[in-house]
Amino acid sequence: MTEGKATDLGVEVGELRLKNPIMLASGTVGYGEEIGDLVDLNRLGGIVVKGLSLKPTRGNRPQRIAETPGGMLNSIGLQNVGVEAFVRDKLPNLRRYDTRVIANIWGRTVEDYAAVAARLDQVEGVHALELNLSCPNIKEGGISFGTDPKQLHAVTVAARAATGKPLWVKLAPGVTDIGVLARAAEEAGADALSAINTIRGMMVDVERRTPRLSTIFGGYSGPGLLPIALYLLFEIRKATPLPLIGIGGINELDHVLQFLIIGACAVQIGTANFYDPTLSSRVVDELAEWCQEHEITSLEHLVGTLRLPGQG
Amino acid sequence: MPALKGRASLAPMFERRLTLDEIRFLNARCFVLAFRSPEIAGAARPGQFLMLAASAGIEPLLRRPMAVYEVLTSAGEPEGFSVLVERTGRGTTLMSGLLAGDEVDVLGPLGNAFAPPADAASEAVLVMGGVGAAPFPLFAKALVRAGHATRAFIGGRTREHLLCTADFEALGVPATLATEDGSVGHHGLVTEPLAEYLDGCDRRVAVYSCGPTPMMRAVDGIAAARDLPHQVSLEAPMACGIGVCLSCVVPTVGEAGGWRYRRICREGPVFDARELLWEHPDD
């Protein structure tokens with residue numbers, strides 16, 4: 001290994017500084033309780049908690065997961081304890097850690113989002129909010145917040161008005177032009193974009209001739225998502241100057257580096273927390289080693305350094 | 001590396017890459033995987049489970065939940081453990097091809113454990129179907145050591161599907177066998193000799209079951225009709241085994257006449273049968 005200067009792995013997502021770019025994605029680590037028994041959360045850049053709604057949500061009936069080639073489907077149905085119980089019962093434990101806590105929030109109406117954002121606005125120990133837009137808007141005929149630029153704009157404006165905390169918008173992949181949605185979020189006042197959420201998929205039980213999931217389709221995640229996420233991040237990078245957080249299929253350091261080179265300033269590890277729960281902390285060590293070997297003293301010198309054909 | 005700190009109420013769990021000590025086939029479909037790990041063996045309680053990777057790569061992606069079958073000892077000290085696996089799909093088929101010396105990622109022990117009968121005079125009646133027998137020899141061993149009268153009812157489709165009979169024999173635990181094809185023991189369902197035994201039994205009994213859902217549900221009907229305590233060990237597909245993916249939930253009795261989902265991996269796998277809702281409340 002080359003003896004170089006120690007690398008500063010710190011990154012800035014807008015105004016929010018992370019000690020390193022490795023975060024844990026929403027829905028894969030609960031509220032940090034159980035995963036905290038396996039991973040020292042102090043070593044990570046941040047943890048994004050399970051999507052919070054105004055009221056507790058029971059979630060979908062089983063069967064909620066199905067394994068697939070290259071990944072898995074889930075249809076948990078956003079089961080969560082609700083924002084009040086999160087603040088009262090879950091956050092005190094998270095405050096003990098020297099890491100950033102990002103609250104992923106969702107609702108079924110624009111007002112729901114604004115109410116959850118307002119509830120968390122003055123709460124100590126929540127460092128940013130991330131809008132989960134995978135739900136349909138029940139007041140607007142079930143159009144998904146995440147796929148319609150007007151809906152996305154409206155919900156982001158409402159959340160923006162409700163909180164002064166950094167506001168991240170998590171983009172969904174099932175759209176024709178993700179750049180349009182990225183710009184809608186930017187115009188509405190988002191501080192950063194995270195991408196991507198799961199992509200819809202289904203699997204069939206051949207013997208029973210039934211869908212494997214109780215809800216027929218679910219969200220596909222896991223290693224197979226990587227190239228899709230990388231490409232969509234590339235498209236988003238072209239569409240907006242906002243800070244980006246890469247999510248999708250990260251299974252090793254090389255995948256983290258690919259996101260950073262395309263232009264993400266940080267990443268979230270998701271499904272890997274299920275099958276390899278200590279991956280995140282190993283990747284932090286490996287990233288430091290890789291940077292030292294490549295004489296990179298700051299990640300600023302790596303982020304967005306993608307060289308395209310014809311650019312030398 | 002020290003034990004991972006759990007919440008005070010939970011035993012420690014370990015995330016380890018272990019070398020397979022031995023693979024032993026019980027029949028054409030079922031096999032035992034044995035590992036050396038004093039820390040996991042020392043922490044494991046009857047009824048708990050482990051998450052085992054089926055391959056070194058990412059296909060298949062998810063680890064498989066497996067009940068702790070044996071705690072292996074050396075000079076009286078916990079030295080290793082084993083799991084009993086039935087080949088049913090892609091992951092377990094890959095596991096059946098493991099060789100001694102192969103490395104396997106293991107997380108555990110996980111979940112809660114069977115609770116012995118509340119009063120010392122009760123007989124523990126263990127009812128199992130197929131590979132659902134896996135957690136019971138370890139539990140029976142603990143019960144016998146604690147002086148509880150213990151009895152096993154073992155069911156399966158055929159003689160081949162009856163597991164762990166030799167384990168109970170070695171412990172001196174009487175076992176009643178039942179096969180659906182009549183190839184050995186009672187010709188029919190295991191619940192039939194169970195009901196007959198309980199009707200003729202004049203001592204207090206605590207019932208435990210693990211196996212196919214229809215069997216456990218039938219056992220529950222038999223136990224409830226006689227007002228007997230009944231603990232059930234459940235399984236379900238799960239991604240993480242530690243309580244974060246929320247995929248292995250089951251509907252259970254909640255507060256004020258309501259119901260709520262509980263996680264098999266965290267609040268289970270062992271449940272008091274009175275807490276379970278066999279019919280989904282939305283049906």
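Readers should treat all values here as calculations from the given coordinates under stated rules, not as data from a laboratory. Keep in mind the model is a prediction, meaning the values are calculated, not measured. Counting neighbours? That spans all protein chains shown, and the Cβs are built from the backbone with ideal geometry, glycine included.
Indicate the gyration tensor shape class of segment A:248-300 (rounded, prolate or oblate), computed on the Cα atoms with a ≥ b ≥ c the square roots of the eigenvalues: a/c under 1.5 is rounded; otherwise a/b larger than b/c is prolate and the rest oblate.
In terms of gyration-tensor shape, oblate.
Suppose a student asked you for the relative contact order of segment A:1-156, using Cα pairs under 8 Å spaced at least 6 residues apart; what percent would you report?
RCO, segment A:1-156: 19 percent.
Under a plain spin-label model, where a point goes 7 Å from the Cα along Cα-to-Cβ, how far apart in nm are B:ARG226 and B:ARG90?
Computed distance between label sites B:ARG226 and B:ARG90 equals 4.4 nm.
Residue by residue through segment B:194-208, which ³J(HN,Hα) values in whole Hz follow from phi under the Karplus form 6.51 cos²θ - 1.76 cosθ + 1.60 (θ = phi - 60°), with glycine and proline marked x?
In residue order, the calculated couplings are 4, 4, 4, 4, 5, 5, x, 9, 9, 9, 6, 9, 10, 9, 10 Hz.
Tell me whether segment A:116-238 comes out rounded, prolate or oblate; compute the Cα gyration tensor, take square roots of the eigenvalues as a ≥ b ≥ c, and use a/c under 1.5 as the rounded threshold.
It is prolate, given that a/c is not under 1.5 and a/b is the larger ratio.
Quick one: if the Förster radius is 30 Å, what FRET efficiency do A:ALA6 and A:ILE261 give, using the C-beta to C-beta distance and rounding to 0.05? Intermediate results must be reported in sequence, preceding the final value.
Working: r = 21 Å, r/R0 = 0.71.
FRET efficiency, A:ALA6 to A:ILE261: 0.90.
Take the Cα of B:VAL184, step 7 Å along the line toward its Cβ, and report every residue of segment B:25-60 whose backbone nitrogen sits under 12 Å from that point.
B:27
Specify the angular offset, from 0 to 90 degrees and rounded to the nearest 10, of the alpha carbon long axis of helix A:178-187 from the longest principal axis of the alpha carbons in chain A.
Long axis of A:178-187 versus the principal axis of chain A: about 90 degrees.
Report the one residue of A:PRO149, A:ALA162, A:LEU242 whose Cα lies farthest in the direction of the positive end of the charge dipole of segment A:139-247 (charges on C-beta: Lys and Arg +1, Asp and Glu -1; origin at the Cα centre).
Going by the charge dipole, the pick is A:ALA162.
Hey, what angle do you get for helix B:213-225 against the long axis of chain B, alpha-carbon based, 0 to 90 degrees rounded to 10?
40 degrees
For segment B:234-283, what is the charge dipole size about the Cα centre, in debye to the nearest 20, if Lys and Arg each add +1 at the Cβ and Asp and Glu each add -1 at the Cβ?
Rounded to the nearest 20 debye, it is 220 debye.
Mind listing the long-range amide H neighbours of A:GLY77? Cut-off is under 5 Å, sequence gap 5 or more, other chains count too, H placed in the peptide plane at 1.01 Å from N.
A:ASN60
Explain nothing, just the number: dipole magnitude of the protein assembly as shown about its Cα centre with +1 on each Lys and Arg Cβ and -1 on each Asp and Glu Cβ, in debye rounded to the nearest 20.
With Lys and Arg at +1 and Asp and Glu at -1, about 900 debye.
Report the trypsin sites (Lys or Arg not before Pro) located in segment A:164-223 that are in a DSSP loop and have at most 15 other Cβ atoms inside 10 Å of their Cβ, or state none.
Those that pass, being in a loop and sparsely packed, are A:ARG208, A:ARG209.
Which whole-number percent is the relative contact order of chain A (Cα, under 8 Å, 6+ apart)?
After rounding, I find 22 percent.
Taking 51 Å as R0, compute the FRET efficiency from the Cβ-Cβ separation of B:LEU99 and A:ILE143 and round it to 0.05.
Values: r = 55 Å, r/R0 = 1.07.
It comes out at approximately 0.40.
For segment A:167-227, which GluC sites (Glu not before Pro) pass both filters: DSSP loop (anything but H, G, I, E, B) and at most 13 other C-beta atoms within 10 Å?
Passing both the DSSP loop test and the Cβ count: A:GLU207.
If the chain between A:GLU252 and A:ASP89 were fully stretched, how many nm would it gain, using 0.36 nm times the residue separation less the Cα-Cα distance?
55.4 nm
Other chains near A:270-278: what is the mean number of their Cβ atoms within 10 Å of each residue's Cβ?
6
Assign unit charges at the C-beta atoms only (+1 for Lys and Arg, -1 for Asp and Glu), then state the dipole size of chain A relative to its Cα centre in Debye, rounded to the nearest 20.
On the way: 30 positive and 35 negative charges, 240 e Å.
For chain A, the charge dipole is close to 1160 debye.
Pick out, in residue order, every one of the chymotrypsin sites (Phe, Trp or Tyr not before Pro) in segment A:208-263 that is DSSP loop and has at most 15 other C-beta atoms within 10 Å; say none if there are none. Let's see the in-between values first.
Details: sites: A:PHE217, A:TYR220, A:TYR231, A:PHE234, A:PHE259; in loops: A:PHE217.
Listed in order of number, the matching sites are A:PHE217.
Only counting other Cβ atoms within 10 Å, I'd like B:PHE271, B:PHE136 sorted with the fewest neighbours first.
Lowest count first: B:PHE271, B:PHE136.
Per DSSP H run of at least 4 residues, take -39500 (n - 2.57); add these up for chain A, divide by its residues and hand me the 222 nm value, nearest 500 deg cm²/dmol.
On the way: 8 runs with 84 residues, N = 312.
Dividing the helical sum by the residues of chain A leaves -8000 deg cm²/dmol.
Please work out the FRET efficiency for the pair B:LEU198 and B:ALA118, using the Cβ-Cβ distance as r and a Förster radius of 22 Å; give the result to the nearest 0.05.
Rounded to the nearest 0.05, the efficiency is 0.80.
Give the distance, in whole Å, between the Cα centre of segment B:153-208 and the Cα centre of segment B:40-68.
28 Å
Along the three principal axes, how long is the protein assembly as shown when you take its alpha carbons, biggest first, rounded to the nearest angstrom?
Per principal axis, max minus min of the Cα coordinates gives 80, 58, 44 Å.
For chain B, what relative contact order do you get, as a whole percent, if you take Cα pairs closer than 8 Å and at least 6 residues apart?
Once normalised by length, the contact order is 15 percent.
Under a GNM of chain B (C-alpha, springs under 10 Å), which listed residue has the highest mean-square fluctuation: B:ALA178, B:ALA113, B:ALA195?
Ranking B:ALA178, B:ALA113, B:ALA195 by mean-square fluctuation puts B:ALA195 first.
Between the helical axis of A:279-293 and the dominant principal axis of chain A, each derived from Cα atoms, what acute angle in degrees is found, rounded to the nearest 10?
So the inclination is approximately 30 degrees.
Rank B:PRO38, B:GLY155, B:VAL253 by how far each Cα sits towards the positive end of the charge dipole of chain B (+1 on Lys, Arg Cβ; -1 on Asp, Glu Cβ) and give me just the farthest.
B:PRO38
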